[in-house]
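**Q** After the structure tokens below, expect a handful of questions from me.
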There are 4 protein chains.
Amino acid sequence: MSEPAVGQERREQILEGAEAVFSEKGYAAARVDEIAEHAGVAKGTIYLYFSSKQDLFISLLEERCCSIGALFQEQLQGLRSPRVILRSLIETRIRFLLRHITLFQVVVQSMADFPDELQQRLLVVRRSVQAVETDVFSRILPPDYPVDTGFVASMVSGAVSTVVMERVHDGQFVDVEAMTDQVMAFLIHGVPAGSEDCQAGTNVLF
Amino acid sequence: MSEPAVGQERREQILEGAEAVFSEKGYAAARVDEIAEHAGVAKGTIYLYFSSKQDLFISLLEERCCSIGALFQEQLQGLRSPRVILRSLIETRIRFLLRHITLFQVVVQSMADFPDELQQRLLVVRRSVQAVETDVFSRILPPDYPVDTGFVASMVSGAVSTVVMERVHDGQFVDVEAMTDQVMAFLIHGVPAGSEDCQAGTNVLF
Amino acid sequence: MSEPAVGQERREQILEGAEAVFSEKGYAAARVDEIAEHAGVAKGTIYLYFSSKQDLFISLLEERCCSIGALFQEQLQGLRSPRVILRSLIETRIRFLLRHITLFQVVVQSMADFPDELQQRLLVVRRSVQAVETDVFSRILPPDYPVDTGFVASMVSGAVSTVVMERVHDGQFVDVEAMTDQVMAFLIHGVPAGSEDCQAGTNVLF
Amino acid sequence: MSEPAVGQERREQILEGAEAVFSEKGYAAARVDEIAEHAGVAKGTIYLYFSSKQDLFISLLEERCCSIGALFQEQLQGLRSPRVILRSLIETRIRFLLRHITLFQVVVQSMADFPDELQQRLLVVRRSVQAVETDVFSRILPPDYPVDTGFVASMVSGAVSTVVMERVHDGQFVDVEAMTDQVMAFLIHGVPAGSEDCQAGTNVLF
DNA sequence: GATGAATGAGCCTTCATTCAT
DNA sequence: AATGAATGAAGGCTCATTCAT
């Protein structure tokens with residue numbers, strides 16, 4: 001009883017190669033050859049576990065999105081204070097992005113050529129990614145908050161993703177704690193921008 | 001001296017075709033054939049004005065980033081109130097994204113296969129895009145604002161991009177005014193998240 | 001006004017390469033590379049004129065079947081005597097087979113994987129091939145002939161094809177006149193096989 | 001002394017799978033996977049009994065040609081009347097073709113890529129197939145019959161094959177008795193085509 | 001300058017064959 | 001003996017790029 005779920009291991013091995021390459025190159029520019037090399041398997045082996053490059057891609061997204069859902073569940077378990085919850089959300093997401101960066105960007109791109117069946121699976125992935133954070137914000141935001149919860153979730157998610165990606169892309173080291181602090185400060189303070197009727201010349205409000 | 005700047009016109013024609021196709025498909029999935037068709041020129045003609053598909057792509061980014069810079073300059077001209085400036089920035093960016101969506105996403109992706117020279121040009125583009133908004137925020141944010149200005153600019157830009165892209169991608173109509181309102185409300189209010197030491201049960205801070 | 005119908009020429013060039021290779025190898029074993037080489041064009045060029053290997057194959061059949069129809073029309077024009085007509089039919093078919101041998105065999109094979117649209121085109125080809133000869137036999141056979149006309153046409157066609165193919169396949173030189181004579185003799189004499197009620201023991205009848 | 005000839009059984013099992021698949025798809029389009037599945041063995045097992053797909057194919061032909069030889073021997077045993085012999089030959093062949101259709105067609109195709117050794121074995125198969133029927137016709141045809149015996153055998157074989165294949169391919173049910181009747185009628189009557197010098201108007205000879 | 005037919009390198013995918021179990 | 005996961009060479013097809021007109 002030596003190797004449990006050998007098939008699953010091989011599958012995961014391929015998914016990791018796929019993640020590395022798709023993340024670096026995007027879908028279209030990624031070559032199956034390269035994925036196979038990263039995964040340490042032969043090209044043909046990939047097709048034993050996935051029916052096509054498209055299927056591999058969607059499967060990867062599905063896999064990784066489940067994992068972010070689980071991560072959130074785990075991290076947010078037992079937290080009460082909105083601020084702590086928010087901080088945990090941000091930090092978890094940053095850490096997650098550091099692993100899966102570009103992959104998540106790609107999700108939004110229009111995979112227009114994919115057949116309907118795969119488009120459906122892609123839609124499910126996108127919805128589930130949104131759902132996790134929307135859920136968190138619906139617990140945090142006050143009932144009279146003037147912006148739609150899903151909208152807030154999207155903006156926060158976009159803000160964090162962009163910042164992380166820029167840092168990573170520039171080859172900068174990312175200090176998760178410090179970055180979380182900055183994002184939190186931004187989210188909590190908002191952007192002080194003066195009253196609408198302020199007279200010209202006044203630059204600062206708060 | 002018959003047709004002045006005929007070359008420039010032809011060049012712009014091609015850039016427009018390129019923008020349409022790159023925006024819809026991303027870099028790798030875009031085909032030169034299709035760009036030529038969109039532009040209404042023969043495929044070979046493109047190579048009279050650009051040395052390669054890569055060059056065409058970078059050139060397009062350069063061109064369009066200048067244009068967003070110009071747009072901002074124009075729009076923000078003479079505005080004084082931070083709130084009005086911010087609103088104008090948001091609205092301009094939303095309108096811009098509605099035209100150039102995917103194109104901007106692509107900017108962040110690492111065009112890893114591009115030769116060094118083009119990588120340099122890409123870097124310049126990215127820096128200039130950041131600079132425009134960073135500049136705006138440096139005028140808006142109070143001196144003691146606890147978050148780095150460039151960081152804020154990135155987050156706002158990411159937030160707006162993500163929200164616009166999601167709406168567009170879902171095929172929803174985008175009401176620029178309404179969306180601007182929502183983004184502004186979010187930016188100004190921030191995310192009320194309670195004090196760090198707040199006892200459980202307290203939801204709102206501000 | 002030098003090159004009339006250059007496109008048609010190139011197309012025909014490719015069809016000739018295709019015929020050579022499909023005839024020699026059959027459909028599945030034929031490689032597009034090889035067809036291109038035979039035709040003296042690059043692989044990609046083939047796809048400017050035909051949408052796929054399957055399309056190329058069906059198009060070839062269509063092309064060549066029209067040509068056998070035309071050949072028959074031309075050859076049989078003005079012939080009156082049934083024997084002369086029959087002889088002409090046989091000879092024409094032999095000559096035709098010497099050029100298109102295996103190709104015609106393949107027509108009957110079940111191209112089961114082809115999409116419906118191409119199956120339709122294949123069916124049309126097969127029907128048209130049968131029609132030509134069925135038509136000839138309906139003019140030759142007496143009204144009270146005990147065998148269905150289409151059936152006779154098929155058998156004669158099968159008999160001739162098989163004989164030609166065997167000779168060609170064995171690398172024997174084919175003397176068209178002599179072979180036509182033999183086939184004619186066979187068709188006219190039939191196979192003398194004795195009366196049905198002959199008593200056992202009688203080996204020869206005539 | 002457990003299982004006598006287990007190896008032979010397994011071998012026959014594989015040959016049956018091979019026959020089913022080669023018959024339906026032809027040589028090149030047949031996949032070893034599918035043969036294994038039809039045979040109910042693992043893919044690797046096939047290579048314990050046959051050294052390659054090519055070997056399996058040739059072996060199958062050899063096997064089945066022996067079987068048609070045996071069939072003929074058995075069927076024709078004790079028959080005396082040429083007509084009865086001929087009828088039996090036709091009927092046996094039709095029944096055989098209904099089982100092995102495409103397989104036989106394929107024999108004629110030039111397996112050009114096969115190595116010399118296998119080409120030799122293929123040649124032997126083809127010769128033996130011809131020999132069986134040539135032998136029968138040499139017993140049936142009168143000594144002064146004007147057509148070469150092997151030639152007649154080929155033509156009859158081609159005629160029957162073609163007719164059977166067309167019916168099968170069109171999905172029509174094949175009534176063996178009725179078809180045998182038609183073929184016999186054709187063979188015995190021949191094609192009445194008038195004398196060579198016949199005056200127009202005379203249609204029938206016999 | 002403009003064209004678009006032609007090219008061929010390179011990609012996704014298949015499948016005969018091997019080999020560790 | 002039997003398995004079937006793994007392999008990798010080879011095939012169909014695409015598409016950036018060139019060049020004769």
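The values are calculated or read from the model by the stated rules, or taken from the named source; none is laboratory data. Everything numeric in this text was worked out from a predicted model, so none of it was measured. No Cβ is skipped: glycine too gets one built from the backbone with ideal geometry, and neighbour counts run over all protein chains shown.
**Q** Among D:150, D:171, D:158, which is the only one that is of a type outside the set (A, V, I, L, M, F, W, C) and at positive phi?
**A** Selected residue: D:171, the only one of D:150, D:171, D:158 that is of a type outside the set (A, V, I, L, M, F, W, C) and at positive phi.
**Q** Being surrounded by fewer than 16 Cβ atoms within 10 Å (Cβ to Cβ) and closer than 18 Å to residue D:137 by Cα, is that true of even one residue in the range D:84-103?
**A** No, that holds for no residue.
**Q** Report whether or not residue D:28 is within 16 Å of DNA strand F (Cβ to nearest atom) and closer than 29 Å to residue C:20 by Cα. Explain how you work it out, then say what you get.
**A** Working: within 16 Å of DNA strand F (Cβ to nearest atom): yes; closer than 29 Å to residue C:20 by Cα: yes.
So residue D:28 passes the test.
**Q** With respect to residue C:60, is the statement that it is within 12 Å of DNA strand F (Cβ to nearest atom) and either more than 14 Å from chain D (Cβ to nearest Cβ) or farther than 25 Å from residue C:183 by Cβ (or both) true? Spell out the reasoning first.
**A** Values: within 12 Å of DNA strand F (Cβ to nearest atom): no; either more than 14 Å from chain D (Cβ to nearest Cβ) or farther than 25 Å from residue C:183 by Cβ (or both): yes.
Here the answer is no, as residue C:60 does not meet what is asked.
**Q** From the list C:160, C:152, C:191, which residue is more than 7 Å from every other protein chain (Cβ to nearest Cβ), buried (at least 21 other Cβ atoms within 10 Å of the Cβ) and under 24 Å from residue D:90 (Cβ atoms)?
**A** None of the others qualify; the one that does is C:160.
**Q** Check the range A:80-87 and report whether any residue there is at pLDDT 85 or above, within 14 Å of another protein chain (Cβ to nearest Cβ), outside any loop (DSSP other than H, G, I, E, B) and within 16 Å of DNA strand F (Cβ to nearest atom).
**A** no
**Q** Quick check on residue C:34: is it of a type outside the set (Ser, Thr, Tyr) and over 19 Å from the mean Cα position of the chain (by Cα)?
**A** So residue C:34 fits the description; yes.
**Q** Scan the range B:26-38 and report the pairs whose first residue is at the interface with another protein chain (Cβ under 7 Å from one of its Cβ atoms) and whose second residue is assigned to a helix (DSSP H, G or I), with Cβ atoms within less than 7 Å and a gap of 6+ or a chain change.
**A** Filtered contacts from the range B:26-38: B:26/B:102; B:26/B:106.
**Q** While we're here: In this structure, is residue D:93 away from DNA strand E (no atom under 16 Å from the Cβ), over 25 Å from residue C:29 (Cβ atoms), outside any helix (DSSP H, G or I) and in contact with a Ser or Thr (Cβ under 8 Å, 6 or more places away or on another chain)?
**A** no
**Q** Filter the range B:166-184 down to the residues that are of a type in the set (Asp, Glu) and crowded, with 17+ Cβ neighbours inside 10 Å and list them by number.
**A** Of everything in the range B:166-184, just one residue is of a type in the set (Asp, Glu) and crowded, with 17+ Cβ neighbours inside 10 Å, namely B:166.
**Q** Another question about this same structure. Filter the range C:69-78 for residues that are more than 14 Å from every other protein chain (Cβ to nearest Cβ) and small (Gly, Ala, Ser); which is nearest to DNA strand E (Cβ to nearest atom)?
**A** Looking at the filtered set, the residue picked out is C:70.
**Q** Go through (1) closer than 22 Å to residue A:126 by Cα; (2) within 16 Å of DNA strand F (Cβ to nearest atom); (3) within 14 Å of chain B (Cβ to nearest Cβ) one by one and return the number of the condition residue A:12 breaks.
**A** Going through (1) closer than 22 Å to residue A:126 by Cα; (2) within 16 Å of DNA strand F (Cβ to nearest atom); (3) within 14 Å of chain B (Cβ to nearest Cβ) one by one, residue A:12 breaks only (3).
**Q** What is the residue count in the range C:194-206 for residues that are surrounded by 16 or more Cβ atoms within 10 Å (Cβ to Cβ) and at pLDDT 50 or above?
**A** Within the range C:194-206, residues that are surrounded by 16 or more Cβ atoms within 10 Å (Cβ to Cβ) and at pLDDT 50 or above number 1.
**Q** Find the residue count for the range A:50-68, including only residues that are within 11 Å of DNA strand E (Cβ to nearest atom) and assigned to a helix (DSSP H, G or I).
**A** Residues in the range A:50-68 being within 11 Å of DNA strand E (Cβ to nearest atom) and assigned to a helix (DSSP H, G or I): 5 in total.
**Q** Over 16 Å from the mean Cα position of the chain (by Cα), modelled with pLDDT under 85 and surrounded by fewer than 17 Cβ atoms within 10 Å (Cβ to Cβ): does that describe residue C:112?
**A** yes
**Q** What pairs come up if the first residue lies in the range C:43-58 and is farther than 15 Å from residue C:33 by Cβ and among the polar types (S, T, N, Q), the second is modelled with pLDDT under 95 and more than 7 Å from DNA strand E (Cβ to nearest atom), and their beta carbons are under 6 Å apart, counting only those six or more places apart or on different chains?
**A** Going by the 6 Å Cβ cut-off, the qualifying pairs are C:54/C:114; C:54/C:118.
**Q** Looking at D:117, D:166, D:133, which is the one that is within 11 Å of chain C (Cβ to nearest Cβ) and either touching a Gly at 6+ places or on another chain (Cβ under 7 Å) or assigned to a helix (DSSP H, G or I) (or both)?
**A** Result of the check over D:117, D:166, D:133: D:166.
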